[in-house]
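The numbers here are math on the coordinates, done by the rules we state, and not lab data. Owing to the predicted nature of the structure, the values given are computational and were not obtained by experimental measurement. Neighbour counts run over all protein chains shown; Cβ positions are idealised from the backbone, glycine included.
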Amino acid sequence: MMLYTMLLAIGTAVAAYISPRMVTHKGTRREAVNRLLLLVLFFMLFIPSALRLYTGNDYYTYIEHFHDVRCGHYVVTEPGFNVLVKLIYSALGGEYFLVVFAVFAFFTVMFFLKGIYRLSSDVALSFFLFLSLGLYFQSYNSVRYYLALAIGLYSLYFVWRRQWGKFVICVLAAALFHKTALLMLILYPASRIEWKKWFAVPLTLLGISGLVFKDLYMKLFVFLYPSYVNEEEYLNGDYFSIVNIARCLAVIALFLIVMQFEKKELSDHPVANMYLKMNILALLLYSCFSFVPFVSRIGYYLNVCQILMIPELICCLKDKKKKVFTALVILAGIMYFVAFLYKADDMLINILPYTTWLSVPDGMMPEF
């Protein structure tokens, strides 16, 4: 717990000296300082993730997946994941799963930080939210998914700029590790286009259809994910998340509040409006499609923008209001972080206690 708290505090302090990329000129001393500080942040996050041992709720499961991939057994994991594992195990001549986890940690942290630096109007606040909302620490679990999510966050830069070719390449690369990433091909462009007033009708009908035609949607889900055919525990579960719904409602409320203060500033703000739409879609998903197994994984492709949207909105405010709202966001983030750590030793999360192979006694190191 102390390690995670130090990462949040020290990392945010370092990030406070990084100026947003959109106001930093290339080739300047300021850019060089930014890159140096980003490198510091990278190693602060990469090293604990790479050195962990049996920390994460699916750590053992992934070791089994690695073994099955190497032995040529049937696996449900995506081709990019399988090829990467085979390459690493073949190059090293053994089942060095610690190296595989380190490689995933490297690229996951890299894409998250690159996305924050490229997209955020306040790097320190985005970094603070990235850690305090648990996104970084959850990457100790579901390493395939969080790599895809990190690439998804990074791809928002190309959505901003309407560089659709590069965006599609990013999404396809993410889908090589988690096929749910393909949903970004629909969700992100849908959030980027202008919504007319009549869009409320199809969105409402979509939500109602989720509540009424649950069985039909589940048949489609099983068709897309045949590995769940005999998993009654997952197919009959309810994944309603009051926390994710509350987060979406909170940022939508923040948007409306800032709009009241700074109508002129926000009315023609395409980025903030895009993030608003992403949160509306996430809210619709969490509220009306909670029967879909692991619906939060789909929703996170949408509400991951919260670490960018909140700083974007606060930057629209004038001095005094900006300080007040920044303080309120930091307070809320700390409270969320404390609540997250309180449940971090739960079997569903299991990132506490943190253990590393550096501290494992002799004779207890895993065999390869």
>> Given the -39500 (n - 2.57) contribution per DSSP H run of 4+ residues, what per-residue ellipticity at 222 nm results for the chain, rounded to the nearest 500 deg cm²/dmol?
In response: -22000 deg cm²/dmol
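Going by how many other beta carbons lie within 10 Å of each one, how would you line up PHE158, PHE42, fewest first? Write down the numbers at each step before the final one.
Values: PHE158 19, PHE42 16.
So the residues, fewest neighbours to most, are PHE42, PHE158.
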> Of the residues TYR342, TYR89, TYR154, which exhibits the maximal mean-square fluctuation in a Gaussian network model of the chain defined by a 10 Å Cα contact cut-off?
Replying inline: TYR342
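Reported to two decimal places, what Rg/Rh ratio describes the chain when computed on Cα atoms with Rh from the Kirkwood expression? Numbers along the way, then the final one.
Details: Rg = 20.9 Å, Rh = 21.8 Å.
Dividing the radius of gyration by the Kirkwood radius yields 0.96.
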>> I need ASP319, ASP122, ASP345 ordered by Cβ neighbour count within 10 Å, fewest first.
In response: ASP319, ASP345, ASP122
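Which helices, counted as full DSSP H runs in the chain, have an axial Cα extent of no less than 24 Å and a Kyte-Doolittle average of 1.0 or above?
Details: long enough: 29-51 (33 Å, 1.33); 97-119 (33 Å, 2.04); 143-160 (26 Å, 1.26); 242-261 (28 Å, 2.29); 270-288 (27 Å, 1.14); 319-342 (35 Å, 1.08).
Qualifying helices, which must be both long enough and hydrophobic enough, are 29-51, 97-119, 143-160, 242-261, 270-288, 319-342.
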>> Could you list VAL143, VAL212 so that the one with the fewest beta carbons within 10 Å of its beta carbon is first and the one with the most is last?
In response: VAL212, VAL143
> Which of these, LYS322, LYS26, LYS196, has the largest mean-square fluctuation under a Gaussian network model of the chain (Cα springs below 10 Å)?
Replying inline: LYS196
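Among the listed pairs LYS321/LYS343; LYS219/LYS277; LYS197/LYS320; LYS114/LYS277; LYS26/LYS197, which have their C-alpha atoms separated by more than 30 angstrom in this model? Could you put the intermediate results ahead of the total?
Numbers: LYS321/LYS343 33 Å; LYS219/LYS277 28 Å; LYS197/LYS320 34 Å; LYS114/LYS277 23 Å; LYS26/LYS197 41 Å.
Too far apart for the 30 Å limit: LYS321/LYS343; LYS197/LYS320; LYS26/LYS197.
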> Pick from PRO202, PRO311, PRO293: which residue has the top mean-square fluctuation in a GNM of the chain where Cα pairs under 10 Å get a spring?
Replying inline: PRO202
>> Among ALA102, PRO79, TYR136, which residue has its Cα furthest toward the positive end of the charge dipole of the chain, with +1 on Lys/Arg Cβ and -1 on Asp/Glu Cβ?
In response: TYR136
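Please give the net charge around LEU41, taking every other residue with its beta carbon less than 12 angstrom from that of LEU41, where Lys and Arg add +1 and Asp and Glu add -1. Each step should come with its number before you reach the end.
Values: positive: ARG35, LYS114; negative: none.
Cβ neighbours under 12 Å give a net charge of +2.
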> LYS26 versus VAL243, label points 7 Å from Cα toward the beta carbon: distance in nm?
Replying inline: 4.1 nm
> Expressed in nm², what is the orientationally averaged projection area of the convex hull enclosing the Cα positions of region 80-161?
Replying inline: 5.9 nm²
